[in-house]
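The values are calculated or read from the model by the stated rules, or taken from the named source; none is laboratory data. The shown structure was predicted, so the numbers you read here are calculated from the model rather than taken from an experiment. Here the Cβ is made from the backbone with ideal geometry for all residues, glycine too, and neighbour counts use every protein chain on show. For accessibility, only protein heavy atoms count, side chains too; no ligands or nucleic acids. Shrake-Rupley method; radii C 1.70, N 1.55, O 1.52, S 1.80 Å.
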Amino acid sequence: MQRVLEDWKTAPIDERLRAALGFIEKLTLDPAAVTAADVAPLRAAGLPDEAIEDAIHASVLFTIYDRMADTLEFDI
């Protein structure tokens, strides 16, 4: 777990998780740049659409909560 937190790109994790983390990183840092082509590696790694949708929902909700906490100056 610690290695994933330090650097998920080189940590010994399942390729499906690595693909999902890469997608979530792009979705978080540059959401306007995310296209349908970004989903292809997730599907190629074996992630079903339901898992991709769950990852998107979790990422978006965390981003919203984090921005609200920053704006309202409270810890979550």
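Each residue was assigned an accessible area with a 1.4 Å probe, and for K9 the value is about 110 Å². Taking the accessible area of the chain, probe 1.4 Å, and keeping the other protein chains in place, the carbon and sulfur fraction comes to 60%. Does anyone have the angle between helix 49-72 and the longest principal axis of the chain? Alpha-carbon axes, 0 to 90°, nearest 10? The two axes meet at around 20 degrees. Taking 0.36 nm per residue of sequence separation and removing the Cα-Cα distance, the D30/E15 pair yields an extension gain of 3.2 nm.
Does the chain classify as rounded, prolate or oblate by the C-alpha gyration tensor (a ≥ b ≥ c root eigenvalues; a/c under 1.5 gives rounded; else a/b over b/c gives prolate, otherwise oblate)? List each step's numbers first, then the result.
Numbers: a/c = 2.20, a/b = 1.40, b/c = 1.57.
Taking the square roots of the gyration eigenvalues as a ≥ b ≥ c, the chain is oblate.
Only Lys, Arg, Asp and Glu count, each charged at its Cβ (+1, +1, -1, -1), so figure out the dipole size of the chain about its Cα centre, rounded to 20 debye.
Details: 7 positive and 15 negative charges, 60 e Å.
With only Lys, Arg, Asp and Glu charged at Cβ, the dipole is about 280 debye.
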